[in-house]
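To start, the structure under review is shown below, and the notes come after it.
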Amino acid sequence: MESVSKYIRQFLRERTINGEGARKGFEVASQKIKADPEIRKFINQHQSQLADDAADRSIAKLREYVMVRDAEKNNQTSFVPGYTPQLIVSDHLIDVTYKPSEELLAKRKAVRMARRVTTLSMPKDILNASLDDFEQSDGRFAALTMAVNFSDQYPSRKQFMPGCYLYGPFGVGKTYLLGAVANDLAKSGVLTTLIHFPSFESEMKASIGDNSYLKKIDSVKKSQVLMLDDIGANTLSTWVRDEVLGVILEYRMQQQLPMFFSSNISMEKLADSWLTFTNRGEGEPLKAQRLMQRIRFLSREVKLTGSDRRPKK
Ligand code: ADP
Ligand code: MG
């Protein structure tokens with residue numbers, strides 16, 4: 001915000017310049033301000049509350065009002081960008097207050113909304129993803145319907161409602177759809193955490209030593225809606241499966257908190273390969289099944305097919 005002092009100085013300078021010419025100039029400017037239609041209207045409307053000489057005694061305020069208002073009209077930056085000036089009566093004189101403009105309110109709202117969506121290693125563009133813009137095609141219809149249904153129902157729902165397990169080929173729009181749901185839920189005040197799972201896995205492994213991973217898991221698992229993007233992408237570490245993913249799934253099932261997943265592989269394949277064969281080598285199908293049960297409880301599988309929407313390089 002630019003300092004108001006600059007304008008006051010300019011005003012005082014004009015007022016204190018010696019000589020009749022300058023004084024006349026000031027008077028002419030004051031007449032012009034008092035003749036301004038909006039100012040006249042305000043004075044007429046509030047005559048009973050204003051002193052008889054209110055306009056003259058409030059001339060500095062009126063001038064400030066006109067200056068900021070006209071700057072805004074002409075798309076120039078005033079010293080209070082984003083605010084619209086308003087005349088008010090104050091102690092029988094006229095004063096100016098500032099009201100945030102529609103544009104500023106919209107900007108603030110966007111920031112508030114963004115805060116309801118916590119992301120971890122996600123592409124930036126998903127912050128702009130929206131269900132309204134999601135491309136509809138036969139292969140995407142089921143997923144979009146489920147996503148819209150969740151977004152509509154969940155905020156007012158009292159009982160548990162499972163999220164979605166989106167799977168399909170690269171570039172079909174799974175990550176985009178997760179972002180769109182998160183943004184839509186934010187409008188209803190729902191807090192969502194969206195995590196790129198492979199990055200989260202690396203981060204967890206990097207912090208085993210200092211136990212800080214416990215704190216991270218704790219905040220992630222408690223998120224109102226939790227979305228894990230790109231699970232099943234690379235070989236899972238046994239430790240991450242049992243101490244990170246397992247802990248999160250267990251907590252969310254007990255607390256009945258919905259989850260979303262995106263993956264290139266189906267639930268069946270996730271259970272039979274990714275969760276069964278971790279980096280330890282030998283298969284652990286029973287462990288895998290237990291985890292899969294939780295995933296199935298927390299989400300419903302839906303397939304996405306269609307064209308690759310990734311920009312061609
Ligand atoms: P996936 O996660 O299935 O691999 P993405 O969600 O990353 O696919 O989508 C691939 C690209 O296409 C991204 O750049 C994404 O922003 C864009 N995209 C996907 N769906 C849409 C959509 N409905 N409208 C606009 N852009 C989209
Ligand atoms: Mg993706």
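The values are calculated or read from the model by the stated rules, or taken from the named source; none is laboratory data. Note that this is a predicted model, so its numbers are computed, not measured. Here Cβ is always computed from backbone atoms with ideal geometry, including for glycine, and neighbour counts include all displayed protein chains. The area values use the complete protein model at the heavy-atom level, side chains included, leaving out ligands, DNA and RNA. Shrake-Rupley method; radii C 1.70, N 1.55, O 1.52, S 1.80 Å.
Just a few scattered comments:
- Single residue of 124, 99 found to be within 16 Å of ligand 2 (Cβ to nearest atom), among the basic types (Lys, Arg) and either free of Cβ contacts under 8 Å to residues at least 60 places away in the same chain or in contact with a helix residue (DSSP H, G or I) (Cβ under 9 Å, 6 or more places away or on another chain) (or both): 124
- Residues that are out of contact with any Leu (no Cβ under 9 Å at 6 or more places or on another chain) and either small (Gly, Ala, Ser) or on the phi > 0 side of the Ramachandran plot (or both), drawn from the stretch 141-162: 156
- Number of residues in the stretch 156-177 that are more than 8 Å from ligand 1 (Cβ to nearest atom), closer than 20 Å to residue 119 by Cα and under 22 Å from the mean Cα position of the chain (by Cα): the value is 2.
- The condition (being open to solvent by 10 Å² or more (accessible area, probe 1.4 Å) and within 16 Å of ligand 1 (Cβ to nearest atom)) is satisfied by just one residue among 232, 209: 232.
- From the options 144, 185, 120, 131, residue that is of a type outside the set (S, T, N, Q) and closer than 15 Å to residue 299 by Cα: 144
- Contact map, the stretch 165-176: residues that are over 16 Å from residue 267 (Cβ atoms) and near ligand 2 (Cβ under 9 Å from one of its atoms) paired with residues that are polar (S, T, N, Q) and at pLDDT 95 or above, Cβ distance under 8 Å, separation 6+ or inter-chain. Pairs shown: 170/264; 175/262.
- When each of 262, 237, 202 is tested for being touching a residue at least 24 places away in the same chain (Cβ under 8 Å), under 27 Å from residue 129 (Cβ atoms) and assigned by TED's automatic domain parsing to the domain that holds residue 173, the lone residue that passes is 262.
- Some residue of the stretch 152-163 being within 12 Å of ligand 2 (Cβ to nearest atom) and touching a helix residue (DSSP H, G or I) at 6+ places or on another chain (Cβ under 9 Å): no
- Candidates in the stretch 269-303 are the residues that are among the aromatic types (Phe, Trp, Tyr) and open to solvent by less than 80 Å² (accessible area, probe 1.4 Å); of these, the one that is nearest to ligand 2 (Cβ to nearest atom) is 274.
- Residue list for the stretch 139-164, restricted to those being touching a residue at least 60 places away in the same chain (Cβ under 8 Å) and within 27 Å of residue 307 (Cβ to Cβ): 139, 140, 142, 143, 146, 150, 163, 164
- When the stretch 240-268 is filtered for residues that are open to solvent by 20 Å² or more (accessible area, probe 1.4 Å) and within 16 Å of ligand 1 (Cβ to nearest atom), the ones remaining, listed by number, are 264, 265, 266.
- Looking across 243, 250, one residue alone is charged (D, E, K, R), modelled with pLDDT of 95 or more and at negative phi. It is 250.
- If you go through the stretch 202-224 and keep only what is over 25 Å from the mean Cα position of the chain (by Cα) and on the phi < 0 side of the Ramachandran plot, you end up with 202, 204, 205, 206, 207, 208, 209, 210, 212, 213, 214.
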